[in-house]
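A short write-up of the structure that comes next.
The values are calculated or read from the model by the stated rules, or taken from the named source; none is laboratory data. Everything numeric here is computed off the predicted structure, so don't read it as measured data. Methodologically, a virtual Cβ is constructed for each residue, glycine included, from the backbone with ideal geometry; neighbour enumeration extends over all protein chains shown. Ligands, DNA and RNA are excluded from the accessible area calculation, which covers all protein heavy atoms including side chains. Shrake-Rupley method; radii C 1.70, N 1.55, O 1.52, S 1.80 Å.
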Amino acid sequence: MRRSSPSGRPGWRITKASHDQWALSRRAQLAHIHSLEAGVQTIAHRLSLPVGEKGTKRAPGGYRTRQEWFAKTRRLHLLGDRLTAERADRETGRVRVARGGKRLLGTRHHLDKAQLTEAGWRDRWEAERWFIQADGESGKRWGNETIRVTADGEVSIKLPTPLAHL
């Protein structure tokens, strides 16, 4: 039997949501590493060809001009550095997660541009960090205990105890 916290919100749901977010970020990190590897491989291949060499249907050719070739050498070094950093983060198990959103977090540093006060930003930040999660229960009629949708299309949501008055 799982126990609930004094507020009525099961602590395991919070933990599960954190684990789910971490796992999603971990998968996104791996996808980003694959994308960086593909970019590095493509640029390195094109740099290995003479300037102006034509490509084939299966492989791109060399860069068109000497300036483009030079710019891509710089890009290759930048992507290589990013790839090294991402691989190091992956090996140590580090992921970057901002519950509430990276954009809203960045807005905190530019409140005047966003036309927000600190209190207004804090309200939005707290609202964005709330979440509702309802894992399915196959044996329940109309959905599960948290969210139910009747045959008529009526939706009912069971809120945590502190929000039950809403």
Point to revise | Among (1) loosely packed, with under 14 Cβ neighbours inside 10 Å; (2) in contact (Cβ under 8 Å) with a residue 40 or more places away in the chain - the single one Leu36 does not satisfy | key: (1)
Study note, to complete from the structure: Only one of Thr73, Thr65, Thr84 is in contact with a helix residue (DSSP H, G or I) (Cβ under 9 Å, 6 or more places away or on another chain) and of a type in the set (Val, Ile, Thr), namely Thr73
Check your understanding: Is there any pair linking a residue in segment 101-121 that is of a type in the set (Phe, Trp, Tyr) to one that is assigned to a helix (DSSP H, G or I), with Cβ under 7 Å and at least six apart or on different chains, and which?
Key -> Trp121/Thr107; Trp121/Arg108; Trp121/Leu111
Revision key, fill the gap. The correct count of residues that are of a type in the set (Lys, Arg) and modelled with pLDDT of 70 or more in segment 1-54 is 5
**Study point:** Qualifying residue in segment 146-160 (condition: basic (Lys, Arg) and modelled with pLDDT under 75)
**Key:** no
**Study point:** Which listed residue is at pLDDT below 85 and among the basic types (Lys, Arg), from Lys72, Lys102
**Key:** Lys102
Check your understanding: Among (1) open to solvent by 70 Å² or more (accessible area, probe 1.4 Å); (2) closer than 29 Å to Pro160 by Cβ, which single condition is Gly120 missing?
Key -> (1)
Practice item. Please work out which one of (1) surrounded by fewer than 14 Cβ atoms within 10 Å (Cβ to Cβ); (2) at positive phi; (3) under 31 Å from the mean Cα position of the chain (by Cα) is the condition Arg27 fails and give its number. Key: (2)
Practice item. Give the residues of segment 52-104 that are open to solvent by 80 Å² or more (accessible area, probe 1.4 Å) and either of a type in the set (Ser, Thr, Tyr) or under 24 Å from Ala17 (Cα atoms) (or both), sorted by residue number. Key: Thr56, Thr84, Glu91, Thr92, Arg94, Arg96, Arg99, Lys102, Arg103
